[in-house]
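Everything below concerns the one structure shown next.
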Amino acid sequence: MTVHQAISTGTTGEVVMKARDVAKHYGAVKALKGVNFDIHRGQVTTLFGENGAGKSTLMKILSGIVTPTHGEIILDGEPVTFHGANDALARGVSIIHQELALAPNMNVRDNIFMGREIRTARGVNFAEEERVTRELMLELEEDIDPLTPLEELRLGQQQIVEIARALQAKSRILIMDEPTSALSASEVEVLFKVIRDLKAKGVSIVYISHHLEEALEITDHAVVLRDGEMTAYAPRAEIDLEWIVRNMVGENFDLGSPPASEMGAPAFSVENLCVPDPSGHGLVVDHLSLEVKAGEIVCIYGLMGAGRTEMMETAAGRLKSTGGAVKLHGQDISGLSIAERINAGLVLVPEDRQKDGLVQTMTVGQNLSLASIGAFTRGLFTSRKAEAKVVDDSIREVTVKTDGGAAMIGSLSGGNQQKVVIGKMLATQPEVILLDEPSRGIDIGAKAEVFKLLAETAKNRGLAVLYSTSEVGECLSVAHRIIVMHRGRISAEFDHTATKEQIMAASGEAVH
């Protein structure tokens, strides 16, 4: 029996949308190789696959953003051709993108209604749009004012706005491409409640996530794509984490274990660090003290809003503190600029790689050499030979899958883009590296490669590594120590033998 036959015979519920033999070619690259895919009324179909497997390409075809090379889309039993996303939206199909499709210079209300404003004879009814926005924020349990500029919101809140925009469209087929990548555990619970309510109303959901265990909570049936082809299908009752990983990457593996490395003296520390809340009320980092030794890997776990990002960005010089000190090998570097801290040996891999980690108009090589360009620049001239060596060494060290340094950064998968960001910072020969959510939006295979890279670098270079995560499973991989933050303070500290329940309880997260 083929995968398609299994889908057709093993799933209950009316099929509202079908993809039949859908392929997409970009020159010689075959992103999709004749995929069959069914969407059922009032059910959640979860689509699993590594970066580059073809998931997002298939979803863009179903939502009208991309035209297939061949194959057809059938909606309500009839073949359809979408002439853009607005055409698909008019027929009840919408998508929540992995990379936010919002305007940072506009407020929350205007982002939600952008392109589909509520109009009257007198023009746009801003009052009604604001009322609906408040209702959507209430439904999503977020205290966000509709008139707040989007750029003032943290990444997780911006993701909520993207979700609210899709909900406002009242679509009957809703595609969610990594909707929880920047959400806290409590925000994920709210989203899942919304999804269950939508299912009860007959809305069909297609759900894509690299958070495998999380996705199992909401799915009715699962489909796996691999190298542009559908390789597996099963209803929820027949799948578990091992089934997903085996069909995605061909083997079952974990994220590794803490490396046995020689630890030296404290390389990085913060002492009584205080960072003000942007709202002007209180501290988002409250008299925090911690240290990381040379060769040590420390994980910071906490829910969204715990102060993890603010602590790291302050340490890197991106935010200003109101008290305390940031030290490198015992020397206070609080007064140094970002560039001076990089030169001193402290670097940050930011949470949002698209916005803060990469220049999308540059090549892979240009991105990799950007932070260390001073090492091969003399006056007005750059040594292309020296730069090329740095690029080639970085591509090899962090195992970037690319045609070479001349390839555009946008041609890489999310996991390989993240490796470029890490490689760019490692090329500066740092002594301390801070990584804020280093596995956000990348698949389990790329995630394992990233953590393996961190473990090898800590062991071989004696690098001090501090990474943050909101995925409790990532705490128990390569970290020697786990520090839990809650409301700007350290609430607990564990070694790698801790349990998930202990870590979650210390963060203030409900344990089920």
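The values are calculated or read from the model by the stated rules, or taken from the named source; none is laboratory data. As the structure is a computational prediction, the values presented were derived from the model and not from experiment. Backbone-built Cβ (ideal geometry, glycine too); neighbour counts: all protein chains shown.
Here are V420, V400, V450, V391: which of them is buried (at least 18 other Cβ atoms within 10 Å of the Cβ) and part of a loop (DSSP other than H, G, I, E, B)?
V400
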(request) Determine which single condition E130 fails, assuming it passes every other condition in (1) out of contact with any Lys or Arg (no Cβ under 9 Å at 6 or more places or on another chain); (2) over 28 Å from L62 (Cβ atoms). (result) (1)
(request) Residues being farther than 22 Å from H40 by Cβ, of a type in the set (V, I, T) and over 28 Å from the mean Cα position of the chain (by Cα): count how many of those fall in region 64-91. (result) 2
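Can E129 be described as assigned to a loop (DSSP other than H, G, I, E, B), surrounded by fewer than 22 Cβ atoms within 10 Å (Cβ to Cβ) and free of Cβ contacts under 8 Å to residues at least 40 places away in the same chain?
Values: assigned to a loop (DSSP other than H, G, I, E, B): no; surrounded by fewer than 22 Cβ atoms within 10 Å (Cβ to Cβ): yes; free of Cβ contacts under 8 Å to residues at least 40 places away in the same chain: yes.
Taking the combined requirement at face value, the residue does not satisfy it.
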(message) Could you check region 469-486 and list, in sequence order, the residues that are assigned to a loop (DSSP other than H, G, I, E, B) and not polar (S, T, N, Q)?
(response) E471, L476, V478, A479, H480
(message) For region 54-70, which positions are within 14 Å of V22 (Cα to Cα) and in a loop (DSSP other than H, G, I, E, B)?
(response) G54, S63, G64, V66, T67, P68, T69
(message) So, G34, is that one closer than 28 Å to A237 by Cα and either part of a strand (DSSP E or B) or assigned by TED's automatic domain parsing to the domain that holds D177 (or both) or not?
(response) yes
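Just name the residue that is nearest to P104 (Cα to Cα) out of those in region 340-361 that are β-branched (V, I, T) and assigned to a loop (DSSP other than H, G, I, E, B).
Within region 340-361, the subset β-branched (V, I, T) is 342, 347, 349, 359, 361.
Narrowing the set further to residues that are assigned to a loop (DSSP other than H, G, I, E, B) leaves 359, 361.
Values: V359: 17, T361: 19 Å.
This residue is V359.
Of the residues G365, G317, which single one is buried (at least 19 other Cβ atoms within 10 Å of the Cβ) and touching a residue at least 40 places away in the same chain (Cβ under 8 Å)?
G365
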(request) Determine, yes or no, whether G405 is at pLDDT 80 or above, more than 26 Å from L155 (Cβ to Cβ), touching an Asp or Glu at 6+ places or on another chain (Cβ under 6 Å) and surrounded by 18 or more Cβ atoms within 10 Å (Cβ to Cβ). (result) no
